[in-house]
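First the structure, in the form of structure tokens, and then the observations on it.
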């Protein structure tokens, strides 16, 4: 509710000893400020010797101040941002009273704030020009709910500030509950019953009362299960500003934010961001720091911007830091806490609860760390005579993360089982499940497998890929392989196989291929276990053998659903292979995977399964074998002239007869791994694929009819243009993507 009055200045009005009592009586007689305002305006004009009284209401949804002239038909509706773009907006932001002796004097305004402006919308439409202003924030329990403006006095406003604050306090106390707001940052959590006053104060009462809730956040998340977003809303209500979490899709770093020192921004937990309209937003962990806001505005040379509140870790993400472990604490701190608790527990360590706060935070911290490192798997390995080992597979290599005290092993395993909906009482047989966890409001899935060992239960967690498919041009296929692959899959029917060991990127490649084929004129069905990558336009089915939903049964169902293209996650058995071949021969393009070592070997493997050679040779359009190799860190790799041994290796492995196609120079440059902070001193960062693409030709079909051996098939495929995994790896070596050590590992030569 916004109310306004306009009265002619009365020279006979003067201050009286008990003005506040009159205001209180008026407010007590009415249920709303709107109903009370007709009487209230006369009293305020008399008390302060003013011509007009404005009351702005803070609008949470619009994050602005709104002024409505319901008694003056010609007056405009005014909406002001919470910023120095207006006097009322500046007072709302600073939450301190302000006297402006002449709002039209730019020097007066500049002395207060370089970007302070006077909004003269009312003056433009009436003859009553604004000469001076007393502007006071209306607070309820120290929370902004509105702004009181007293316009045009012949007296000095200096002596009216204290009385004005008393009036504003009374307005806030009487009507602040209807307008909203809280006294402390997390009072909204209490109001909604998410935590009790006693529980909140028991966490850290001193920091809570001092508005520094940084150290409360970890325990609010881990012990009370309160989400980041709900805590953010509570801060939004407290500061009366919008809450913004890390969201790279809708917000970007403001175009001129690079003028500010990044260390300065990180130190003060400030990020300058913008939405699609590119209007600057100052995102702050402490948005009531007016001095800091002024410094930033001066540095960016901007006259007005919005202020928002955010968590320190989200702000750091906007500044380029990796996703923080919000609310979890440092790994070493958690383990120290666990070690301390181990010294105080009873001898019966089995009684340790799986919901012990440190255990809950430890499991969450492990999951967050795995995502930060882009790990594919997490291994929690028990040891009878030592602590439990936590390792992560990063870029195909297992790396030690940390050790968990043996006393907490069972509690950690139980916590993981609960998250994955597994039976915590069953420790004798393996179990499989799935859990989800959230980072920056984004959900991630993890496949969980528990395996009993002589030392206790071990757990392996596979981090499932979330999100959409990569474009096929980003799969690092050579130009020749990319061209051949596109020609193969553009055929209306047939079967295309992607082969390789587990974790070699087969599913990623299949979905990249589907992304190339996914157009509105095609109906595409997929059967996967699990569904890791989703794409708009695909009908994707999760296989569940426990209830009879197998690859073979799902594929048969697809044939009755009018498909153009079918993806089968894996040809695990003879039945699925037979049905897939039949589907490809009846007018459908089928994509699938198989666990074989090379493209030619795949042919003999399928023939050994009992697949008819004639049917398979007619159906197959191509076989793509794939491996992943580690790539050099681009920040620290260094070039050197290849040695004679390295040159000999390149010629021998690529083949002297076709080496000319590489167009090698007299001096061959290759790169070495070094190690830096960016890659954790390893020298490698990320992985890329090497490929071996076999496409069907009449000569190759003839050999398949005769059930030729692998060597004959490989020789013919090479004559038809296939380049082996080793040859493709050498191309990537010469392009500086990897080093010779990784190529030797690829060929099993190290």
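Odds and ends about this structure:
- Extended-chain gain in nm, criterion 0.36 nm per residue less alpha-carbon gap, residue 192 and residue 559: 126.9 nm
- Note on residue 141 and residue 286: their simple-model spin labels are 2.3 nm apart, each label 7 Å out from Cα toward Cβ.
- Summarising the label geometry, the points placed 7 Å from Cα in the beta-carbon direction at residue 438 and residue 253 lie 2.8 nm from one another.
- A simple spin-label model places the labels of residue 261 and residue 128 5.0 nm from each other, with each point 7 Å out along Cα-to-Cβ.
- Counting neighbouring beta carbons within 10 Å and listing from fewest to most, the residues 551, 616 come out as 616, 551.
- Per-bin percent of Cα-Cα distances, segment 508-559 [5 Å]: 5, 19, 29, 22, 17, 6, 2
- Cα-based values for segment 241-312, radius of gyration first and Dmax second, are 11.0, 30 Å.
- Computed E for residue 715/residue 521 - FRET, C-beta separation, R0 51 angstrom, nearest 0.05: 0.80
- What the Cβ-Cβ distance of residue 540 and residue 34 gives, at R0 = 45 Å and to the nearest 0.05, is a FRET efficiency of 0.25.
Throughout, read-outs are computed from the coordinates displayed, never taken from laboratory work. Quantities reported herein were computed from a predicted structural model and do not represent experimental measurements. Here the Cβ is made from the backbone with ideal geometry for all residues, glycine too, and neighbour counts use every protein chain on show.
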